[in-house]
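Below is one structure, written out as structure tokens; the observations come after it.
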Amino acid sequence: MPNIVVLIKQVPDTWSERKLSDGDYTLDREAADAILDEINERAVEEALLIKEAQGGEVTVLAMGPERATEAIRKALSMGADKAIHVKDDAIHGSDAVQTAWVLAGALGQIEGIELVIAGNEATDGRAGAVPAIIAEYLGIPQLTHLRKLTVDGDKISGERETDEGVFKLEANLPAIVSVTEKINEPRFPSFKGIMAAKKKEVQTFTLADLGIDPSTVGVGNAGTAVSGVTPKPPRTAGEKVVDEGEGGNQVAQYLIGQKII
């Protein structure tokens, strides 16, 4: 009966306009609608499928501001048993390495973890590196970018699809895996699940609780920095071609001029 932790993240809705904040050029999370990242829904779904087949417990772990509680409740309404929320103002602007360091510290507070499941990359950052960095910090095997996942006793196996073909991977538990959008189709929370989520335990940690020095995280201590931004130009009307017998040639000449063909 595996004890599973799922890493989740609240991100700006991809249908909302995203922009960077003035000053530190970090993502302005208040300027857009916030949702549980879709790839995290699939990670939660995979954990629930394993739990339904083999028993165990599913804990979701999130790092973010107070608003991230909304994403946590969404995961709990899907069927996760409990949650941990790492919430500290000093975390703001942390890069992938710092994020992995904080999450690894939080995972160290959970006893008996056998499997950690994450999405392959968040839609607001696209780094795709956090699960692998966590594996390095914790000294456990990593099976990343999986389209299929199987847990059998103390072993785990999966399939990774690349441009070169499909690779079969396996490791001993405990381990961390990341999944792609091909892993499953996430369930919709039921009304019963939504109501039950309001009563489920959400434990909160600060950096001090985790024994993490604030000077090692945050935008001011990140290994990368954005020095400036340029807003994307406003949309302009396209060039209209009136076909009077030469429309095809005109379109071709336009594409050649744009170096598209």
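Kindly indicate whether any position in the stretch 59-67 is within 18 Å of the chain's Cα centre (by Cα), surrounded by fewer than 21 Cβ atoms within 10 Å (Cβ to Cβ) and not charged (D, E, K, R). Let's see the steps before the verdict.
First, the residues of the stretch 59-67 that are within 18 Å of the chain's Cα centre (by Cα): 59-67.
With the extra rule that they be surrounded by fewer than 21 Cβ atoms within 10 Å (Cβ to Cβ), the set shrinks to 65-67.
Narrowing further to those that are not charged (D, E, K, R): 65.
Checked the stretch 59-67: at least one residue is within 18 Å of the chain's Cα centre (by Cα), surrounded by fewer than 21 Cβ atoms within 10 Å (Cβ to Cβ) and not charged (D, E, K, R).
Show the residue pairs meeting these rules: Cβ distance below 6 Å; 6+ apart or different chains; first residue within the stretch 25-39 and assigned to a loop (DSSP other than H, G, I, E, B); second residue basic (K, R) and open to solvent by 50 Å² or more (accessible area, probe 1.4 Å).
That search, which allows pairs on different chains as well, returns D28/K19; A32/R18; D37/K9.
Can you give me the number of residues within the stretch 133-144 that are within 30 Å of K19 (Cβ to Cβ) and crowded, with 21+ Cβ neighbours inside 10 Å?
Applying the first criterion (within 30 Å of K19 (Cβ to Cβ)) to the stretch 133-144 yields 133-134.
Pick out the ones that are also crowded, with 21+ Cβ neighbours inside 10 Å and you get 134.
Selection size over the stretch 133-144: 1.
Please verify whether the stretch 4-24 includes one or more residues that are over 28 Å from P231 (Cα atoms), open to solvent by less than 10 Å² (accessible area, probe 1.4 Å) and touching a Lys or Arg at 6+ places or on another chain (Cβ under 8 Å).
Scanning the stretch 4-24 turns up at least one residue that is over 28 Å from P231 (Cα atoms), open to solvent by less than 10 Å² (accessible area, probe 1.4 Å) and touching a Lys or Arg at 6+ places or on another chain (Cβ under 8 Å).
Do we find a residue being at pLDDT 90 or above, open to solvent by 50 Å² or more (accessible area, probe 1.4 Å) and in a helix (DSSP H, G or I) anywhere in the stretch 183-192?
Residues of the stretch 183-192 that are at pLDDT 90 or above, as a first pass: 183-192.
This time we only want the ones that are open to solvent by 50 Å² or more (accessible area, probe 1.4 Å), so: 185, 187-188, 190-192.
Narrowing further to those that are in a helix (DSSP H, G or I): 191-192.
Yes; the residues of the stretch 183-192 include at least one that is at pLDDT 90 or above, open to solvent by 50 Å² or more (accessible area, probe 1.4 Å) and in a helix (DSSP H, G or I).
Condition test on L103, is it touching a residue at least 40 places away in the same chain (Cβ under 8 Å) and either over 23 Å from A132 (Cβ atoms) or among the basic types (K, R) (or both)?
Values: touching a residue at least 40 places away in the same chain (Cβ under 8 Å): yes; either over 23 Å from A132 (Cβ atoms) or among the basic types (K, R) (or both): no.
Here the answer is no, as L103 does not meet what is asked.
In the stretch 114-132, what residues are surrounded by fewer than 20 Cβ atoms within 10 Å (Cβ to Cβ) and closer than 10 Å to I176 by Cβ?
Within the stretch 114-132, A132 is the sole residue that qualifies.
I'd like the full set of residues that are part of a helix (DSSP H, G or I) and surrounded by fewer than 15 Cβ atoms within 10 Å (Cβ to Cβ), limited to the stretch 195-208.
Within the stretch 195-208, the first condition is being part of a helix (DSSP H, G or I), and the residues that meet it are 195-197, 207-208.
Once the filter is applied, which keeps residues that are part of a helix (DSSP H, G or I) and surrounded by fewer than 15 Cβ atoms within 10 Å (Cβ to Cβ), the stretch 195-208 yields M195, A196, A208.
Report yes if some residue within the stretch 156-178 is more than 16 Å from the chain's Cα centre (by Cα), among the small types (G, A, S) and surrounded by 19 or more Cβ atoms within 10 Å (Cβ to Cβ); otherwise report no.
yes
Considering G211, G220, G247, which residue is over 30 Å from A80 (Cβ atoms) and exposed (fewer than 12 other Cβ atoms within 10 Å of the Cβ)? Working first, answer last.
Values: G211 fails: over 30 Å from A80 (Cβ atoms); G220 fails: exposed (fewer than 12 other Cβ atoms within 10 Å of the Cβ).
From the options G211, G220, G247, the qualifying one is G247.
Which residue, of I176, I156, is touching a strand residue (DSSP E or B) at 6+ places or on another chain (Cβ under 6 Å), aliphatic (A, V, I, L, M) and over 18 Å from E121 (Cα atoms)? If you could, list the steps in order and put the result at the bottom.
Working: I176 fails: over 18 Å from E121 (Cα atoms).
I156 is the lone residue from the list that is touching a strand residue (DSSP E or B) at 6+ places or on another chain (Cβ under 6 Å), aliphatic (A, V, I, L, M) and over 18 Å from E121 (Cα atoms).
Quick test for you: out of E70, E46, pick the one residue that is touching a strand residue (DSSP E or B) at 6+ places or on another chain (Cβ under 7 Å), closer than 17 Å to K199 by Cα and assigned to a helix (DSSP H, G or I). Outline the logic, then answer.
Numbers: E46 fails: closer than 17 Å to K199 by Cα.
Sole residue among the options that is touching a strand residue (DSSP E or B) at 6+ places or on another chain (Cβ under 7 Å), closer than 17 Å to K199 by Cα and assigned to a helix (DSSP H, G or I): E70.
Quick one: in the stretch 68-90, which of the residues that are of a type in the set (G, A, S) and within 25 Å of S21 (Cβ to Cβ) is most open to solvent (accessible area, probe 1.4 Å)? Walk me through it before giving the result.
As a first pass, look at the stretch 68-90 and keep what is of a type in the set (G, A, S): 68, 71, 75, 77, 79-80, 83, 90.
Add one more test, that the residue is within 25 Å of S21 (Cβ to Cβ), and what stays is 68, 71, 90.
Values: A68: 4, A71: 4, A90: 35 Å².
Taking the candidates together, the pick is A90.
Out of P131, P141, I need the residue that is out of contact with any Leu (no Cβ under 6 Å at 6 or more places or on another chain) and closer than 28 Å to E30 by Cα. Which one?
Values: P141 fails: closer than 28 Å to E30 by Cα.
Of P131, P141, the one residue that is out of contact with any Leu (no Cβ under 6 Å at 6 or more places or on another chain) and closer than 28 Å to E30 by Cα is P131.
Picking from V177, V229, V166, which residue would you name as being aliphatic (A, V, I, L, M), closer than 19 Å to V6 by Cα and either at pLDDT 95 or above or not in a helix (DSSP H, G or I) (or both)?
Working: V229 fails: closer than 19 Å to V6 by Cα; V166 fails: closer than 19 Å to V6 by Cα.
One residue alone meets the criteria, V177.
Criterion first (over 24 Å from L207 (Cα atoms), in contact with a helix residue (DSSP H, G or I) (Cβ under 9 Å, 6 or more places away or on another chain) and open to solvent by 10 Å² or more (accessible area, probe 1.4 Å)) does G93 satisfy it?
Details: over 24 Å from L207 (Cα atoms): no; in contact with a helix residue (DSSP H, G or I) (Cβ under 9 Å, 6 or more places away or on another chain): yes; open to solvent by 10 Å² or more (accessible area, probe 1.4 Å): yes.
No: the conditions fail for G93.
The values are calculated or read from the model by the stated rules, or taken from the named source; none is laboratory data. None of these values were measured; they are calculated from a predicted model. Positions of Cβ are generated from backbone atoms using ideal geometry, with glycine treated the same way; all protein chains shown enter the neighbour counts. Just the protein is used for accessible areas: all its heavy atoms, side chains included, with ligands, DNA and RNA removed. Shrake-Rupley method; radii C 1.70, N 1.55, O 1.52, S 1.80 Å.
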